[in-house]
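Here is the structure we will look at.
The values are calculated or read from the model by the stated rules, or taken from the named source; none is laboratory data. Since the structure is predicted, the reported quantities are computational estimates derived from the model, not experimental observations. Here Cβ is always computed from backbone atoms with ideal geometry, including for glycine, and neighbour counts include all displayed protein chains. SASA here: full protein model, heavy atoms, side chains in, ligands and nucleic acids out. Shrake-Rupley method; radii C 1.70, N 1.55, O 1.52, S 1.80 Å.
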There are 2 protein chains.
Amino acid sequence: MTTPPVAADPRQQSLMMRACRREPVERTPVWLMRQAGRYLPEYRAIREQVGFLELCKTPRLSAEVMIATVERLGVDAAIIFSDLLPLLEPMGLDLEFTAGEGPVIHNPVREAADVQRVRELADVDRVGFVMDTVAATRAGLPDSIPVIGFAGAPFTLAGYCIEAGTSKAWTLTKQFMYRHEAAWHDLLARIARAVSRYLVAQLDAGAQLVQLFDSWVGCLGPDDYRRYVLPHSRAALAEAARRAPVIHFASGNPALLPLLAEAGGSVIGIDWRIDLERGWEAVGFERAVQGNLDPIVLFADRQTVRQRTREVLARAGGRPGHIFNLGHGVLPGTPVENVLELIAAVKEG
Amino acid sequence: MTTPPVAADPRQQSLMMRACRREPVERTPVWLMRQAGRYLPEYRAIREQVGFLELCKTPRLSAEVMIATVERLGVDAAIIFSDLLPLLEPMGLDLEFTAGEGPVIHNPVREAADVQRVRELADVDRVGFVMDTVAATRAGLPDSIPVIGFAGAPFTLAGYCIEAGTSKAWTLTKQFMYRHEAAWHDLLARIARAVSRYLVAQLDAGAQLVQLFDSWVGCLGPDDYRRYVLPHSRAALAEAARRAPVIHFASGNPALLPLLAEAGGSVIGIDWRIDLERGWEAVGFERAVQGNLDPIVLFADRQTVRQRTREVLARAGGRPGHIFNLGHGVLPGTPVENVLELIAAVKEG
């Protein structure tokens, strides 16, 4: 399945895509990172039937989960239901999602020589289920809803490879980076090539745009980002960016925002650690931005949710190119009615 | 025991104190957060004899640990060996340090009504062992070495009270803050009054300056910091700041730096997430700064440690008022020879 030419694709005229191009919009588009997740009872019901990784690898179910979520929430975009880590399996990493601990990699990269066993992603068909999910999600949604493909950024994926899972401070990752600089660059270059192919394949399968998640790179300062990360994120994004809008998201350190923009992305994702206006200024107003309500605000009362949503909109100041989102994913336990309240508040403007 | 008048105290002319006042210095002073810690074999040997909390409550041993560390490392200041959390015990929190998990609070603050059982610190004698540690540390060190007292900041201490220990994302803390705003302010005001008395008591016991650690406040954005935290940090610092230099340190979000300065502190502690020059600019060059090497750099080879140390000094640009430190505490497992290399590199300039 291949994408129809841009001019012929009605999704290109959707609210979301126009905002990505900083064209005028009737209202701010809104979608939420991890909008289909454990906070939704429908999602939990499906997960009682099927494990997380199995769900990711079953395109029919993955598509169903996202289509139902988009319909229930009334959001303006569908990110495919998938995960950052399955891409690492055909690269030789032995991945498991355990019930309590989240992702575990049984053969982590710990020494410089370990990088040699991280294989090039020779064939994206090894993660073909993701492209099938893109196509099935697209097929089940109206033309007003673009489909977002995604991948983890080289730093974030390398972090999982090295830590053997998630981490509080990414200490082993940074130790590896400082101690084994050549091997580090080799590892990130391998990952960047895989990510590049993977993003392009998702566009070819029918996604209108892609998002690169550098979820954990905020543990670095700007000098380290420039030296150890930026060239690889740029390489991961370049080919997709020639074909479609790219959202480049990082969390954890507002001082990196100008460098994220330098690495690439027509839309920069901003977390809640900076107010949206200052964040946008750091990115440059000539780019679109996505963000940035703190997901924990969704645990407050509905009035607070509405007020804080309006505050983010006020910081955007009606400039073209704002996509409303949280600063990170929706958390488990978030009250569904507050998510609906947020979306209603964005739509009312 | 009370402090001699400033003019009569030779420690006031030390390198460290002159840098705090932004006076000219022959070279940049250096000390390291958690300079006496698990990375040192001498410290580990003592800890085989005595538990962490017991060590904190035994002034003779606490002082010995720090005095030996200052002598071994050749640093320019002694922070007392203590911890952020013992202050919470006389306030009614049931604190334990477990071997594997770190601090645990057995009666956390979870509901708004729980704040009522967080008692005012009626009498600093309840943590009198800390004042004895100040006096004993001072007595064992030459006049060139000032003694730094310290306390946790209201947000960070409230975070431990609510999470029942440390946390990755401080989710419960922020949920409490957004849901129970009046109770939140009540809790932080109680803590701020205790911290204020505690810092002043440490100065009265002979400390030349104090540091306020807001180690985890970087999980907030600037608007939230201003609304939920700033007034309490200001209250915690005000009285000590009338008497002595105060170092105000936070980690995790460079966008907070101007607000930290607004809350108070003659020296602002900067973590590694921003380069020192930009961080200093955000604070204002009319204040002194402390920082900001990433502690994980100390796991690299000695040449890298030396080079990165010099890069921080270069960012300081010879301006008056730079105190060299890490961006956070020395990590367990850090090679001692790299700590010595860092200190030598600062001294060579």
### Query
Among the candidates A:Gly269, A:Gly291, A:Gly318, which residue alone is touching an Asp or Glu at 6+ places or on another chain (Cβ under 7 Å) and within 24 Å of A:Ser14 (Cβ to Cβ)?
A:Gly291
### Message
Only one of B:Gly291, B:Gly269 is of a type in the set (Gly, Ala, Ser), within 14 Å of chain A (Cβ to nearest Cβ) and either more than 14 Å from the chain's Cα centre (by Cα) or open to solvent by less than 10 Å² (accessible area, probe 1.4 Å) (or both). Can you tell me which?
### Response
B:Gly291
## Note on the structure
With criteria (1) under 25 Å from B:Asp294 (Cβ atoms); (2) facing chain B (nearest Cβ under 8 Å); (3) without any contact (Cβ under 8 Å) to a residue 24 or more places away in the chain; (4) not polar (S, T, N, Q), A:Asp301 comes up short on (1)
### Message
Cβ-Cβ distance below 8 Å, separation of 6 or more or different chains: which pairs start in region B:97-116 with a residue that is aromatic (Phe, Trp, Tyr) and end on one that is in a strand (DSSP E or B)?
### Response
B:Phe97/B:Pro103; B:Phe97/B:Val104
### Task
Would you mention how many residues in region A:251-264 are away from chain B (no Cβ under 11 Å) and open to solvent by less than 10 Å² (accessible area, probe 1.4 Å)?
3
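Can you tell which of B:Arg315, B:Arg308, B:Arg243 is of a type in the set (Lys, Arg), touching a helix residue (DSSP H, G or I) at 6+ places or on another chain (Cβ under 7 Å) and more than 24 Å from A:Ala255 (Cβ to Cβ)?
Working: B:Arg315 fails: more than 24 Å from A:Ala255 (Cβ to Cβ); B:Arg308 fails: more than 24 Å from A:Ala255 (Cβ to Cβ).
Exactly one of B:Arg315, B:Arg308, B:Arg243 is of a type in the set (Lys, Arg), touching a helix residue (DSSP H, G or I) at 6+ places or on another chain (Cβ under 7 Å) and more than 24 Å from A:Ala255 (Cβ to Cβ), namely B:Arg243.
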### Query
Under 6 Å by Cβ, and 6 or more places apart or on different chains, what pairs join a residue from region B:318-344 that is within 14 Å of chain A (Cβ to nearest Cβ) and touching a residue at least 24 places away in the same chain (Cβ under 8 Å) with one that is assigned to a loop (DSSP other than H, G, I, E, B) and among the small types (Gly, Ala, Ser)?
B:His328/B:Ser251; B:Val330/B:Gly37
### Query
Any chance region A:27-50 includes a residue that's assigned to a helix (DSSP H, G or I), of a type in the set (S, T, N, Q) and over 25 Å from A:Ile105 (Cα atoms)?
no
## Note on the structure
Of those in region A:180-223 that are within 14 Å of chain B (Cβ to nearest Cβ) and over 20 Å from A:His248 (Cβ atoms), the residue least open to solvent (accessible area, probe 1.4 Å) is A:Trp184
### Query
Of B:Ala236, B:Ala244, B:Ala250, which residue is at pLDDT 95 or above and in contact with a Pro (Cβ under 7 Å, 6 or more places away or on another chain)?
B:Ala236
### Task
Can you tell me which residue within region A:136-172, out of those that are at pLDDT 95 or above and facing chain B (nearest Cβ under 9 Å), is farthest from A:Ile80 (Cα to Cα)?
A:Thr171
### Query
For region A:52-75, which residues satisfy the criterion of being hydroxyl-bearing (Ser, Thr, Tyr) and without any contact (Cβ under 8 Å) to a residue 40 or more places away in the chain?
A:Thr69
### Message
Quick test of your reading of the structure: B:Ala250 fulfils all but one of (1) at negative phi; (2) out of contact with any strand residue (DSSP E or B) (no Cβ under 9 Å at 6 or more places or on another chain). Name the failing condition by number.
### Response
(2)
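So which of B:Thr304, B:Thr309 is open to solvent by 10 Å² or more (accessible area, probe 1.4 Å) and of a type in the set (Ser, Thr, Tyr)? First the steps, then the outcome.
Working: B:Thr309 fails: open to solvent by 10 Å² or more (accessible area, probe 1.4 Å).
Result: B:Thr304 is the single residue among B:Thr304, B:Thr309 that is open to solvent by 10 Å² or more (accessible area, probe 1.4 Å) and of a type in the set (Ser, Thr, Tyr).
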### Message
For region B:274-285, check the following and say yes or no: at least one residue is more than 17 Å from B:Ala345 (Cα to Cα), at the interface with chain A (Cβ under 8 Å from one of its Cβ atoms) and open to solvent by less than 50 Å² (accessible area, probe 1.4 Å).
### Response
yes
